[in-house]
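Structure first, commentary second.
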Amino acid sequence: MPLLFSCEGSDDSYHDVPLAVIQPGNFPQLTYDVSQNPPTQSGFELGRKLFYDGRLSSDGLVSCAFCHIQENAFTHHGHTVSHGVDNLVGTRNSPAIQNMGFLSTYMWDGVTTHLDLQPLIPLTSDVEMNGDLSAILAMMKGDARYKKLFSQAFPGEAITMENMLKALSQFMVMMVSSNSKFDMYRRGEGGATLTPDEQEGYTLFNQKCATCHATDLMTDNSFRNNGLAVNPQVNDVGRYKVTEAAADYYKFRVPSLRNVALTAPYMHDGRFGSLESVLNHYSSGIVNSPTLDSLLSNNGTLGIPLSPHEKEVIIAFLNTLTDTDFITNTSFSYHD
Amino acid sequence: MKLKYILAAFTVATAFVSCSNDDAASNVSGTGTLNVEFDNAFAGDDLLLNSQTYITSQNEVLKVSTVKYIVSNIVLTKDDGTTVTYPKSNSYFIVNEADEATHVLELANIPAGNYTKIKFGIGVDQEQFNAGASGQGDFLALAQSEDMLWSWSAGYKFVAFEGTFTSATVADATPFMLHTGQTGSSYNYTEVTLNLPTQALVRQNITPQIHIVTDVSKFIDGTNKINLSANNSMGMGAMIMGGEALPLITANLNAAFTVDHVHND
């Protein structure tokens, strides 16, 4: 009898390997509940395969990776907004996929608060992936590799939407970016030090930027109106659409600044092509409005005063947030 | 003599009757199936899609093209007061007027007993929604295929009620679309408890059917009145998918469902 079982294949003797989510010492606590969906090697590989699979989209081409490219910290280099199936475009810039397990809301307007559900938004959007969940289920059930990965990651369970989303979460939760020069310096690792310019930039950053871009994650997870001129063609009301509260007009989520040197263009609609443009906006480009953040209006002066030198050193500091480990880590890359 | 025979016959008959009572009493064990039918109506009339017109108390004349709602979290109460909660992960259904196969929910493995009440939710409860993908099974795929998924928020539509209407102020047939679900200020999930006029006797060999009538007129014409003409912005249609109308409609749902009768086979 035992001989018969072992002949049936390796599945019965396969032991999935649990993965420990990295909790960097200088980060806030993980918000994702891993007890409901503990990451394992198979779940991670399954999530990765899904992430790079264009068959999730209606035209077979637009995978998640299409707009979230590893070299750009999983953003869409050079694209203000991205083009999805049939070259349709949306209204918002592709945000970075990094440190997702430490955030509390997702998307520029924070419309969803659970990482498991977030992929449904680009997946089912008719201008992004335009995916048909029932067709995706059928595709996975007919694919030998998916069948194997699902049976290893979720033994004894059917291939379901639930498990597909859980696998994607397992993949994303493991994508922690915490080994930039800044991180090494903060944790006193590898003898990392900041140059005088970088140090000066960091001091200025703490004085002028860190209220909103708070903690070593560089976001306080709040929604703010940072004084961008409203584009009348789009009139993107941001957080208002979610809460329907007038106080939330034109407010968007404060993004993390990690890997910011790689994630151009900037802002919810990608309107600024460089960090210089961003700092110019804060120093002299702020547009007033009823919901403008109070931090950007001081006794009638709009914006954050910054001299050319200060801008230079702040940018030098921001460059230390680049995590080469993260963007070259092949475990996050496409595998056959 | 005749009387003796009548008495004898009566005694025999009584004996038979008491035998079958004993049988019923002793077979309340094991599990069975309970069917719950949702029969959509408009006020006192049957609901016919895309044909019959219906008039509301606000004198708006409707033609209905779509009625869909999520039914969830079914809890049954027995005559001894104890409750049976249908397993949560199996307890999400979409009733779609256009698809007859969705009108009857077949609940399996119900403990045998005499049931007196049924409770169900309309929509996906907040506890499940906050759990992300856990416990969803394939319900998200079903919701998308039934167009009950809000793509932009990865959230559910709880009730979809659509069609066209005319009124004193709206002469040409104009679309209306009413979708409830989570909005910025309210979650809009509600639970409805209905008493069964006669008990549903679930047995291993008896499958009762609870026939619920859903009066869809109450969605907009219940305790709270929703005026479609007043919501018809720029003549482009009454699109009611957010804002203060949704909690009002949700409150109306409690009176929209009644148990018309119970069959025990």
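Given a 10 angstrom Cα cut-off, can you work out which residue in B:ASN195, B:ASN96, B:ASN73 is the most mobile in a GNM of chain B? Between B:ASN195, B:ASN96, B:ASN73, it is B:ASN195 that shows the largest mean-square fluctuation.
To make sure I understand the rule: partners must be aspartates and glutamates, Cα under 16 Å from the Cα of B:LYS117, and not fewer than 8 residues away in the same chain. Which ones qualify? Qualifying aspartates and glutamates at Cα under 16 Å: B:GLU37, B:ASP79, B:ASP80, B:GLU191, B:ASP260.
In chain B, helices alone account for a calculated mean residue ellipticity at 222 nm of -5500 deg cm²/dmol, with every DSSP H run of four or more residues adding -39,500 (n - 2.57). Per the Kirkwood formula applied to alpha carbons, the range A:154-264 shows a radius of gyration over Rh ratio, Rg over Rh, of 1.10. Placing a label point 7 Å from the Cα of B:THR82 along the Cα-to-Cβ direction, the residues of the range B:101-141 whose backbone N falls under 17 Å from that point are B:109-117. Per the Kirkwood formula on distinct C-alpha pairs, the Rh of chain A is how many angstrom? One over the average 1/r among Cα pairs gives 21.5 Å for chain A. Using θ = phi - 60° in the Karplus curve 6.51 cos²θ - 1.76 cosθ + 1.60, the 3J(HN,Hα) couplings for the range A:105-111 round to 9, 10, 6, 4, 9, x, 5 Hz; x is entered for Gly and Pro. Over the residues of chain A, the helix contribution to mean residue ellipticity at 222 nm works out to -8500 deg cm²/dmol, using -39500 (n - 2.57) for each DSSP H run of at least 4. For A:LYS241, the shell of other residues with beta-carbons less than 9 Å away shows a net charge of -3, using +1 for Lys and Arg and -1 for Asp and Glu. Net charge of the neighbourhood of A:VAL176, taken over other residues with C-beta under 13 Å away and scored Lys/Arg +1, Asp/Glu -1, is -3.
Rg/Rh for the range A:35-149 to two decimals, with Rh computed the Kirkwood way over all alpha-carbon pairs.
On the way: Rg = 14.3 Å, Rh = 15.0 Å.
Ratio of gyration radius to Kirkwood radius for the range A:35-149: 0.95.
Once Rg and the Kirkwood radius are both taken over the C-alpha atoms of the range A:181-324, their ratio Rg/Rh works out to 0.99.
A quarter of the convex hull surface defined by the alpha-carbon atoms of chain B gives 18.5 nm² as the mean projection. The overall shape of the range B:124-252, judged from the alpha-carbon gyration tensor, is oblate: a/c is not under 1.5, and a/b is no greater than b/c. Need the C-alpha centroid separation for the range A:178-234 versus the range B:206-259, integer Å. Each part's Cα centre sits 49 Å from the other's. With 20 Å bins beginning at zero, the pair-distance distribution over Cα atoms of the protein assembly as shown amounts to 17, 42, 29, 9, 2, 1, 0 %.
Shown for B:HIS211, A:HIS114, A:HIS335: other C-beta atoms within 10 Å of each C-beta, ranked fewest to most, produce the order A:HIS335, B:HIS211, A:HIS114. Treating r as the C-beta distance of A:VAL21 and A:LYS148 and R0 as 22 Å, the FRET efficiency rounds to 0.35. The residues neighbouring A:GLY25, those whose beta-carbon lies less than 12 Å from its own, together hold a net charge of -1 under the Lys/Arg +1, Asp/Glu -1 convention.
Listed by chain and number, the aspartates and glutamates placed with their C-alpha closer than 15 angstrom to that of A:LYS148 are A:GLU8, A:ASP11, A:ASP12, A:ASP16, A:GLU45, A:GLU157, A:ASP336; residues fewer than eight positions away on the same chain are left out. Taking every C-alpha pair closer than 8 Å and separated by at least 6 residues, the mean separation divided by the residue count of chain B gives a relative contact order of 24 percent.
Values quoted throughout were computed directly from the atomic coordinates according to the rules given, and no laboratory measurement underlies them. Here the structure is a predicted model, which means the values were calculated and not measured. Don't worry about glycine lacking a Cβ; one is built from the backbone with ideal geometry, like all the others, and counts go over all protein chains shown.
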